[in-house]
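Asks: Just dropping this structure here.
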Amino acid sequence: MITKEPVITVKNMVKKFGSFVANDNLSFEVYKGEIFGFLGANGAGKTTAIRILCGLSSPTSGQMNVAGFDVYRQTEKIKQNIGYMSQKFSLYEDLTVYENIRFYGGVYGMNIADRKARTTEMLDRLELTAYKNRKIGDLPLGWKQKLAFSIAILHNPKIVFLDEPTGGVDPITRRQFWNLIYEAVEKGITVFVTTHYMDEAEYCDRVSIMADGRIVALDTPEKLKEQYNAANMDEVFLKIAR
Amino acid sequence: MVRLNWVCPEKSNSNSGSNMIEVKDIHKQYGDTVALEKISLSVDKGELFGLIGPDGAGKTSLMRILMSLLLPDGGSASMNGLDVVTDYKKVRTITGYMPGRFSLYPDLTVEENLRFFATVFGTTIQENYHLIKDIYQQIEPFKTRRAGKLSGGMKQKLALSCALIHKPEILILDEPTTGVDAVSRKEFWEMLKRLKEMGITILVSTPYMDEASMCDRIALIQEGHLMSVATPQAMIKAFSEDLWVVRTKKIYPTAKHLGQLPSLISVNSIGQVLHLVTPRGKHSVESISQFLFQNDETEVSVEPAEATIEDVFILLMNNRKSKS
């Protein structure tokens, strides 16, 4: 359920690399339980912002709070309370399905009973129980993506960051993946997602669009389409980012 | 003085028909994994042909075979009449290739990369500049920058320029738009259209179904198997079941309810609406509306609609799964 309770607060976030301004005074809030789409052209500054919000890079200035923790002083706390998944980095190919889950359970500091219960539940949901001793490298891409997402929320984080999670998968898998996202939202997890598929932007509760380091639009897909007099999010994006 | 004429369509043309690319029963296997399952297709001269499918479908294997970079385990393929196995040296002179992964020299500058590719093919930048002018002009201000230091979009433009600089008859592009934002993707397709107008035959692969409409003809490929080859329009027309657009405020719950619809084939979200597929003649707007009403879905609308390429792909995928 979407509330107006912010789980991410960003105020005047600036990130500079030398004289280059990657994030130019970003301000926005992400509410608990929503699917927040973070869009923008390549090079608009999305990855830089995500890295800061995940506690992997420190901002030049501004105030940011993620899952109740400060991005300057409490990055370790942030990391414990979020999940992260991208298309590029997912799982260890040489480990089995089960070993990957156990590894991440350990990284997240879950206790054994908790981890075992979640593992059983997850393998069952993904219909992967029969494959739990297979090496990740032997699995089709679509299975890996779904597994990577499930592992990213294994420890029941407050927020999960998804950086282009569905690139390259077939259309059926892409929809199954979004069903997993909706299920996570039903459990109260907030989803922060970037994508180049504009139809996926329609699935978000709210969408922000970045251009040249700034947020140039932020609203529900419905309102954005109205505001830009566009039939779909693809048109909105083209009007804004071109 | 005899000048080597590397690219001369008339001379290299030993092809009687109009097929620039001819693929016949191509088979490729990696261990037990079948990458291409007896694939046959042909691409006409001057055609913009799209190979559409997800990662692992076999798109790259097919392109590498056509580029003579990979040997097939069975079948044959020719490029403008030249066999890709026996005439591989000639094949390479008449084709331009842009692999999926950035494969230029990162330590050379933009201009050095371009000059290198021109020289390897026995030509000069000046000679074929008109072909790349539109594209190269956009990166020319950075011509002294090392290729490794370019942004994604600029790398892509340089790679395309390098693939074109020897005036190929056939251009093979492996997922040029993957991971590229919607605006740059649109610009890239506009560039391809202009190249096509210059008479270049183009084979391009993509995992984005919405790019199908930019192609003259497309092949839908999944797990090494060609599911369909036709114009995008013909493919949509040949959609064999009924398709309904369901509009709802709550996509996910409504989709869940529709999952219980009797004799349902599939229900998928396509953007802000649901696409519901049912067997031809089985349902009507009334029967679906009534079903939704019984499930307390009151704020919904149902109407018949035309399929998209994505719907076609999903249906063909499901048909294949239920057969195997």
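Bear in mind that the values in this text are calculations on the coordinates, not laboratory data. Note that this is a predicted model, so its numbers are computed, not measured. All Cβ positions, glycine included, derive from the backbone under ideal geometry; neighbour counts span all protein chains shown.
Asks: In degrees, nearest 10, range 0 to 90: what is the angle between the Cα axis of helix A:141-152 and the longest Cα principal axis of chain A?
Replies: 80 degrees
Asks: Another one. Rank A:Thr129, A:Pro59, A:Leu224 by how far each Cα sits towards the positive end of the charge dipole of the range A:6-241 (+1 on Lys, Arg Cβ; -1 on Asp, Glu Cβ) and give me just the farthest.
Replies: So the residue furthest toward the plus end is A:Pro59.
Asks: For chain A, report the convex hull volume of the alpha-carbon atoms normalised per residue, in Å³, without decimals.
Replies: 125 Å³
Asks: Taking just the alpha-carbon atoms of the protein assembly as shown, what radius of gyration and Dmax come out, in angstrom?
Replies: Computed over the Cα atoms of the protein assembly as shown, radius of gyration and Dmax are 25.1, 85 Å.
Asks: Continuing with this model, one more query. Relative contact order for the range B:9-235: what percent, with Cα pairs under 8 Å and sequence separation of 6 or more? Each step should come with its number before you reach the end.
Replies: Numbers: 446 pairs, mean separation 66.6, N = 227.
29 percent.
Asks: On to the next question. Say the dipole of the range B:9-235 comes from +1 at the beta carbon of Lys and Arg and -1 at that of Asp and Glu; which of B:Thr206, B:Ala77, B:Gln138 then lies farthest toward its positive end?
Replies: Result: B:Gln138.
Asks: If you don't mind, another one. First obtain the Kirkwood hydrodynamic radius of the range A:63-122 from its Cα pairs, then insert it into the Stokes-Einstein equation at 4 °C and 1.567 mPa s, and state the resulting D in µm² per second as a whole number. Present the calculation step by step, with values, prior to reporting the outcome.
Replies: On the way: Rh = 13.3 Å.
Using the Kirkwood radius from Cα pairs, D works out to 97 µm²/s.
Asks: What average number of partner chain Cβ atoms lie no more than 10 Å from the Cβ of the residues making up A:168-179? Mind showing how you got there, number by number?
Replies: Working: counts 10, 4, 12, 14, 10, 2, 7, 8, 0, 0, 5, 4.
Average neighbour count from other chains, rounded to a whole number: 6.
Asks: Going by how many other Cβ atoms sit within 10 Å of their own, how do A:Met210, A:Met122, B:Met235 line up, fewest first?
Replies: Numbers: A:Met210 26, A:Met122 19, B:Met235 23.
The fewest-first ordering by Cβ neighbours comes to A:Met122, B:Met235, A:Met210.
Asks: Over the Cα atoms of the range B:187-233, what radius of gyration and what Dmax do you get, in Å?
Replies: In order Rg, Dmax, the Cα atoms of the range B:187-233 give 11.5, 34 Å.
Asks: Shifting gears a bit: In whole angstrom, note down how far apart the Cα centers of the range B:150-227 and the range A:45-59 are.
Replies: 32 Å
Asks: List the relative contact order of the range B:240-305 as a percent without decimals, with contacts defined as Cα pairs under 8 Å and 6+ residues apart. Show your work: numbers first, answer last.
Replies: Numbers: 102 pairs, mean separation 29.5, N = 66.
Relative contact order, the range B:240-305: 45 percent.
Asks: Also, I was wondering about something else. Just going by the charge dipole of the protein assembly as shown, with Lys and Arg at +1 and Asp and Glu at -1 on Cβ, which of B:Gly53, B:His166, B:Val229 is farthest out on the positive end?
Replies: B:His166
Asks: Rounding to the nearest 20 debye, state how big the charge dipole of the protein assembly as shown is about its Cα centre with +1 on each Lys and Arg Cβ and -1 on each Asp and Glu Cβ.
Replies: 1400 debye
Asks: Cα convex hull of the range B:9-235: how many Å³ per residue?
Replies: Convex hull of Cα atoms, per residue: 122 Å³.
Asks: Also: Using only the alpha-carbon atoms of the range B:218-268 as identical scatterers, what base-10 log of I(q)/I(0) does the Debye formula give at q = 0.15, 0.16, 0.21, 0.22 Å⁻¹?
Replies: So the normalised log intensities are -0.63, -0.69, -0.87, -0.89.
Asks: Right, something else. Alpha carbons only, please: Rg and Dmax for the range B:262-324, in angstrom.
Replies: 12.7, 39
Asks: Take every residue in peptide B:183-195, count the Cβ atoms of other chains within 10 Å of its Cβ, and give the average of those counts. Walk me through the numbers before you get to the answer.
Replies: Working: counts 9, 6, 1, 4, 1, 0, 0, 0, 0, 0, 0, 0, 0.
Mean partner-chain Cβ count within 10 Å for B:183-195: 2.
Asks: Roughly what % antiparallel, to the nearest 5, for the DSSP beta bridges in the protein assembly as shown?
Replies: Values: 58 of 93 bridges.
About 60 percent, rounded to the nearest 5.
Asks: With a 10 Å Cβ neighbour count serving as the proxy for reagent exposure, in which order, fewest first, do A:Phe36, B:Phe293 appear?
Replies: B:Phe293, A:Phe36
Asks: So what's the angle, to the nearest 10 degrees on a 0 to 90 scale, between helix A:97-107 and the longest Cα principal axis of chain A?
Replies: 60 degrees
Asks: Could you work out how far helix B:285-294 tilts from the main Cα principal axis of chain B, as a 0 to 90 degree angle to the nearest 10?
Replies: The two axes meet at around 60 degrees.
Asks: Any idea how far the Cα center of the range A:122-166 sits from the one of the range B:46-92, in Å?
Replies: 34 Å
Asks: Taking H as built 1.01 Å from N, whose amide H comes closer than 5 Å to the amide H of B:Gly224, not counting residues under 5 places away?
Replies: So B:Gly224 has HN proximity to B:Gly58.
Asks: In the range A:122-226, how does Rg compare with the Kirkwood Rh, expressed as the Rg/Rh ratio over alpha carbon atoms? Walk me through the numbers before you get to the answer.
Replies: Numbers: Rg = 15.3 Å, Rh = 15.2 Å.
Ratio of gyration radius to Kirkwood radius: 1.01.
Asks: Sort A:Asp70, A:Asp170, B:Asp296 so the one with the fewest other Cβ atoms within 10 Å of its own Cβ comes first.
Replies: Arranged by neighbour count, lowest to highest, A:Asp70, A:Asp170, B:Asp296 become B:Asp296, A:Asp70, A:Asp170.
Asks: Could you please tell me the mean projected area of the C-alpha convex hull for the range A:1-85, averaged over all directions and given in square nanometres to one decimal?
Replies: It is 5.7 nm².
Asks: Calculate the dipole size of the range A:6-241 relative to its Cα centre from +1 charges on Lys and Arg beta carbons and -1 charges on Asp and Glu beta carbons; express the result in debye to the nearest 20.
Replies: In total the dipole reaches around 760 debye.
Asks: Pop a pseudo-label 7 angstrom from the Cα along the beta-carbon direction at both A:Lys11 and B:Lys249 and give the gap in nm to one decimal.
Replies: Inter-label distance under the simple model: 3.4 nm.
Asks: Summing -39500 (n - 2.57) over the DSSP H runs of n ≥ 4 in chain A and dividing by its residue number, what mean residue ellipticity at 222 nm do you reach, to the nearest 500 deg cm²/dmol?
Replies: Only helices count here, giving -11000 deg cm²/dmol.
Asks: Determine the calculated [θ] at 222 nm for chain B from helices alone, applying -39500 (n - 2.57) to every DSSP H run no shorter than 4 residues and normalising by the residue count; nearest 500 deg cm²/dmol.
Replies: -9500 deg cm²/dmol
Asks: Let me check against my output: what whole-number percent is the relative contact order of chain A, with C-alpha pairs under 8 Å and at least 6 apart?
Replies: Relative contact order comes out at 26 percent.
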